[in-house]
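Read the structure below first, then the notes.
All of the numbers you see were taken from the coordinates with simple rules; none came from a lab. Just so you know, these numbers come straight off a predicted model, no measurement behind them. Cβ sites come from the backbone with ideal geometry, for glycine too, and all protein chains shown count toward neighbours.
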Amino acid sequence: MSHEHILELDPLVHAPVRLAVLSVLAGVKDADFVFLRGAIGTTDGNLSTHLARLEGAGYVRVRKTFVGKKPHTTCAITRRGRKAFVAYLEQLERIVQGQRGE
């Protein structure tokens, strides 16, 4: 396995918090901010930063509304995000197979 294959991993997806966000969102229709924060175990600020990066790339859709006077943020993976996530997993599998000599 050459190092080029490892370098082909999408750096936007590869960051641990962003990978965790996409992993959670790939399995649900959408998730609210509090659920994501708890599922991933990160801080509000850290999650917000990573969601902004994913949203900027078109990988997630972030919707901010109010429930009464309380802000409510929901997130969903987009088609583009799902495609990038699947491509990342496929590339990771090729790397693993290469290491096993398959």
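Data table
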{"quantity": "Gain in span if fully extended, VAL96 to ALA52, counting 0.36 nm per residue against the direct Cα distance", "calculated": "12.8 nm"}
{"quantity": "Estimated [θ] at 222 nm from DSSP helical runs (n ≥ 4, -39500 (n - 2.57)) normalised by residues in the chain, nearest 500", "calculated": "-18500 deg cm²/dmol"}
{"quantity": "Full-extension gain in nm, VAL28 to LYS69, via 0.36 nm per residue minus C-alpha separation", "calculated": "12.1 nm"}
{"quantity": "Tilt relative to the chain, helix 79-100 - C-alpha long axis, 0 to 90 degrees, to 10", "calculated": "30 degrees"}
{"quantity": "Candidate lysines for bridging to LYS83, where Cα separation is under 22 Å - those fewer than 8 sequence places away on the same chain excluded", "calculated": "LYS29"}
{"quantity": "Fewest-first ranking of VAL21, VAL34, VAL60, using other Cβ atoms within 10 Å as the exposure measure", "calculated": "VAL34, VAL60, VAL21"}
{"quantity": "Relative contact order %, the chain, counting alpha carbon pairs below 8 Å whose residues are six or more apart", "calculated": "35 percent"}
{"quantity": "Electrostatic dipole magnitude of the chain [Cβ: Lys, Arg +1; Asp, Glu -1; Cα centre; debye, to 20]", "calculated": "620 debye"}
{"quantity": "Folded to 0 to 90 degrees: helix 44-56 orientation relative to the chain principal axis, Cα", "calculated": "70 degrees"}
{"quantity": "Where labels lie 7 Å past Cα in the beta-carbon direction, separation of LYS83 and ARG37 in nm", "calculated": "3.3 nm"}
